[in-house]
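Here's the structure, in structure tokens; my notes come after.
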């Protein structure tokens, strides 16, 4: 009997010891500076082993891992070779989980989500540049076209139930509209916003952007604002019907526009023997700069091509700036021979633009 009694006491003591062992303080463990990716991985895996099946602490630990991994990559601008260690340990997070919500509420909401989807994309073999956020202009990275990873992130964000995430990413949507217009993929996200996002002034603004930019989507009839050339002759884009039209939108005050103009003219010369294509320039200058526009054409050797200036008289609607949502230059627009938009956000002169032009010529003639 004494033996059985002693065994029971030992078991109870063991159970008591286990149950009374406090879990590690996750916040304290992560409260330090990390100089390498290995340090971040070691901290994460060490805590993960100690907290076993405690779901709340596991989620919190993963949140810290995502945040610190993303911040480390951001700090080194994706240049350190050891960043490839970090995506290997990323696990799935529920964005509208209560623990995740509490964590990101104390930080930069959108930045946390950007870090998470960047790591996830890198885990699946994407390059750092393709994985990083393309929805925002930063001083650290050059702007790039929004890609499939960005669309995936937006679909996930607007499919969840987090009002905090909805607001953060609706604010970010303004840049892709300005930079790329209303792409088919972006249009596909509109129903998620309409159905899942709470009514607000910001939501109304975003839906208004859809309405504003949808008119310049690929396949849409090109708007027909009125222009004049250097001799005062009137034009619309309909004057070039039957040809693929390549348009360089520039301004006399825009240094990058003027720097790119020789490349545009060089590209034009490559197609000089092709009667199915026309290269023109359109100024985005306002009425008071008309004389300056004419002088710039002569100064920069542009006189042997068609150069157009918007008409500003009453009744000349649709206004060019509004019709094509001109918020920055240079812009490159391609219209097919039937007067439909191929792209209102083409890349600048180079391989990418030539590929679009060549595809247009193959399919249209």
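Sorting 269, 162 by the number of Cβ atoms found within 10 Å of their own Cβ, with the fewest placed first, yields 269, 162.
Listing 53, 336 from fewest to most neighbouring C-beta atoms within 10 Å gives 53, 336.
Counted over the chain, the DSSP beta bridges are approximately 55% antiparallel.
For residue 212 and residue 106, the difference between the fully extended length at 0.36 nm per residue and the C-alpha to C-alpha distance is 34.7 nm. Pull out a ≥ b ≥ c, the square roots of the eigenvalues of the alpha-carbon gyration tensor of region 216-365, then state rounded if a/c is under 1.5, prolate if not and a/b is larger than b/c, and oblate in the remaining case. Oblate is the answer for region 216-365, as a/c is 1.5 or above yet b/c matches or exceeds a/b. Under the classification rounded if a/c is under 1.5, otherwise prolate if a/b is larger than b/c and oblate if not, where does region 20-167 fall, given a ≥ b ≥ c as square roots of the Cα gyration tensor eigenvalues? Taking the square roots of the gyration eigenvalues as a ≥ b ≥ c, region 20-167 is oblate.
Which order do the peptides 351-360, 103-112 take when ranked by the mean count of other beta-carbon atoms within 10 Å per residue, highest first?
For the peptides 351-360, 103-112, the packing ranking is 103-112, 351-360.
Residues 124, 115, 215, 321 in ascending order of nearby Cβ atoms (within 10 Å, fewest first): 124, 321, 215, 115.
If you take the square roots of the eigenvalues of the alpha-carbon gyration tensor of region 174-213 and sort them as a ≥ b ≥ c, do you get rounded (a/c under 1.5), prolate (a/b over b/c) or oblate? Here region 174-213 falls in the oblate category.
Any read-out appearing in this document is the output of simple, stated calculations on the displayed coordinates, not a laboratory observation. Just so you know, these numbers come straight off a predicted model, no measurement behind them. Glycine also receives a Cβ, built like all others from the backbone with ideal geometry; neighbour counts cover every protein chain displayed.
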